[in-house]
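The values are calculated or read from the model by the stated rules, or taken from the named source; none is laboratory data. The shown structure was predicted, so the numbers you read here are calculated from the model rather than taken from an experiment. Every residue, glycine among them, receives a Cβ derived from its backbone with ideal geometry; neighbour counts consider all protein chains shown.
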Amino acid sequence: MSSHLAAVVSSGTSIWLDDLSRERLVESATPNSLSFLIKNEFVTGVTTNPIIFSQAISKSDLYAGEIKALAKSGADSETIITKLTTDDVRDACDLFTEIHNKSNGIDGRVSIEVDPRLARDTKNTISQGKELWKLVNRPNLLIKVPATVEGLPAITALIADGISVNVTIIFSVERYQEVLNAFMDGLEERLANGKP
């Protein structure tokens, strides 16, 4: 680890990797592998998005066999992409389990974004957030939701359902406050329903 990175880590900052690919998951001994970065570079989380996965899938042969098998079984492109991305995110979550447990859930998280085409669609953002949560099925998963006007009630609904959320595209102090309110509304709704 570089001295600059060591200084950042020693200040209490969590280092997240804004990238995920099957290469990072399967090549455990290389300096670019996720397991190496966790062990040697103190990476404590990963965030992903559709562009990251699009690049990973289009540049790697590691997905080809699974894509062919899924296509042969009749799966459409959306189903194939969802399967590939949720498998990779689940595997990344598993690599971070120890960090997640040792930090009492503060670190060791992996974020997967809902489809950006749903940024103005509350109902389908909620639906896809629930689907991704169920498919990955790991406690250290975060569902990334956009901070659009339509995303705010989705944040509340997902949190009320016990789904961990992080929020993207916050570009003003006012929107930041609205996001905080959406989080609190979700927590209060959850408590009102007698859930932890």
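For (1) within 15 Å of V89 (Cβ to Cβ); (2) small (G, A, S), each residue gets a yes or a no:
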| site | (1), (2) |
| --- | --- |
| T13 | no, no |
| S21 | yes, yes |
| E27 | no, no |
| L34 | yes, no |
| Y63 | yes, no |
| I67 | no, no |
(request) Considering each of R175, R120, R138 in turn, give the residue that is assigned to a helix (DSSP H, G or I), of a type outside the set (S, T, N, Q) and outside the structural domain of T86 (by TED's automatic domain parsing). (result) R175
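Okay, residues lined up against (1) modelled with pLDDT under 95; (2) buried (at least 21 other Cβ atoms within 10 Å of the Cβ); (3) out of contact with any strand residue (DSSP E or B) (no Cβ under 9 Å at 6 or more places or on another chain):
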residue	(1), (2), (3)
V114	no, yes, no
R117	no, no, yes
V149	no, no, yes
T156	no, yes, yes
G162	no, no, yes
N181	no, no, yes
(request) Return the only residue of S3, S60, S103 being surrounded by fewer than 18 Cβ atoms within 10 Å (Cβ to Cβ), among the polar types (S, T, N, Q) and under 16 Å from R138 (Cβ atoms). (result) S103
(request) Looking only at segment 49-68, decide whether some residue is within 25 Å of S103 (Cα to Cα) and not hydrophobic (A, V, I, L, M, F, W, C). (result) yes
(request) Collect the residues in segment 47-89 that are in a helix (DSSP H, G or I), over 22 Å from I169 (Cα atoms) and of a type in the set (G, A, S), keeping them in residue-number order. (result) A56, S58, A64, G65, A69, A71, S77
(message) Taking the criterion of being in a helix (DSSP H, G or I), hydroxyl-bearing (S, T, Y) and outside the structural domain of P50 (by TED's automatic domain parsing), would at least one residue in segment 149-169 satisfy it?
(response) yes
(message) Looking only at segment 81-111, how many residues end up being touching a residue at least 24 places away in the same chain (Cβ under 8 Å) and of a type in the set (D, E)?
(response) 4
(request) Examine segment 189-196 for a residue that is modelled with pLDDT of 95 or more, assigned to a loop (DSSP other than H, G, I, E, B) and crowded, with 22+ Cβ neighbours inside 10 Å, and state whether such a residue exists. (result) no
(request) Read through the list (1) small (G, A, S); (2) within 19 Å of A56 (Cβ to Cβ); (3) under 17 Å from the mean Cα position of the chain (by Cα), then give the number of the only condition that S77 fails. (result) (3)
(request) Kindly indicate whether any position in segment 165-178 is modelled with pLDDT of 95 or more, closer than 19 Å to H100 by Cα and either β-branched (V, I, T) or in contact with a Cys (Cβ under 7 Å, 6 or more places away or on another chain) (or both). (result) yes
(request) Starting from segment 61-76, take each residue that is under 11 Å from R22 (Cβ atoms) and list its partners that are in a loop (DSSP other than H, G, I, E, B), counting only C-beta distances under 9 angstrom and pairs at least six apart or across chains. (result) L62/S21
(message) Here is a check on your reading of the model: is S28 without any contact (Cβ under 8 Å) to a residue 24 or more places away in the chain, closer than 24 Å to N137 by Cα and not in a helix (DSSP H, G or I)?
(response) yes
